[in-house]
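Structure first, then comments.
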Amino acid sequence: MIKLYGIRQSRAMRSLWALEELGVPYENVPINFATDAKKPEYLKINPNGRIPALVDGDVALFESMAINLYLAKKYDKTGLYPRSLEDEARAIQWSFWGMTEIEPALLQLLMNRVFLPQAQRDESAAKAAAEKLGAPLRVLDGALEGKKYLLGAAFTIADLNVASVLWWALLAKLDLAKTPNVQRWLAECTARPAFSKAQKG
């Protein structure tokens, strides 16, 4: 059986979402990044000492986006993984984009609005992060103009991977009103039953 190492309150959430969308049996091993991830037995799976990590038979993978692309390509039966080479490349493009263009600033926003103790939060850093997110959110908004999802009419791994990063914006109470296509799209992605199952376990 597939084993996904990590806790839901981490990047492991996006891989749990992918597994729920695909409907394949799996075991979630709750590895905590602050303690368990540095233990020798886990470092044999992911020598970086980070989560998530996946073990599927003889295959061991780290990096959540790589895990998700692998899972979708191997186990898809409903169209989650793109059928054409061009759309496959676009799915990879958007997955990388979510990690490089959205996640760093969004994590800074989340730390200073949610995760850090109140006394350690820096609202000026949070506002700077929110401002930095403006440009990539406009790019995403433009990409969604006239389309339900990133690659067209159907929800794919491209949507899941980007939405799995951007849903942190909801936790950080980021105002998405200036990018209505993003706001609508993110609401649709996070309303999916698989997202809810991944969150709740």
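Quickly run through the stretch 1-27 and pick out the residues that are under 16 Å from Y75 (Cβ atoms) and outside any helix (DSSP H, G or I).
Scanning the stretch 1-27 gives M1, I2, K3, L4, G23, V24, P25, Y26, E27.
Could you say whether any residue in the stretch 159-168 is among the hydroxyl-bearing types (S, T, Y), in a helix (DSSP H, G or I) and farther than 30 Å from L85 by Cα?
Within the stretch 159-168, none of the residues are among the hydroxyl-bearing types (S, T, Y), in a helix (DSSP H, G or I) and farther than 30 Å from L85 by Cα.
What are the residues in the stretch 52-103 that are under 14 Å from I2 (Cα atoms) and assigned to a helix (DSSP H, G or I), if any?
Residues satisfying the conditions are I67, N68, Y70, L71, A72, K74, Y75.
From (1) surrounded by fewer than 17 Cβ atoms within 10 Å (Cβ to Cβ); (2) closer than 23 Å to A163 by Cβ, pick out the condition that doesn't hold for P40.
P40 satisfies every listed condition except (2).
Kindly provide the set of residues from the stretch 104-116 that are surrounded by fewer than 17 Cβ atoms within 10 Å (Cβ to Cβ) and in a helix (DSSP H, G or I), ordered by number.
P104, L107, V114, F115
Where a number appears in this text, it was derived from the coordinates with a stated rule and is not lab data. All of these numbers come straight from a predicted model, not from anything done at the bench. Because the Cβ atoms are built from the backbone with ideal geometry, glycine has one as well, and the counts that use them run over all protein chains shown.
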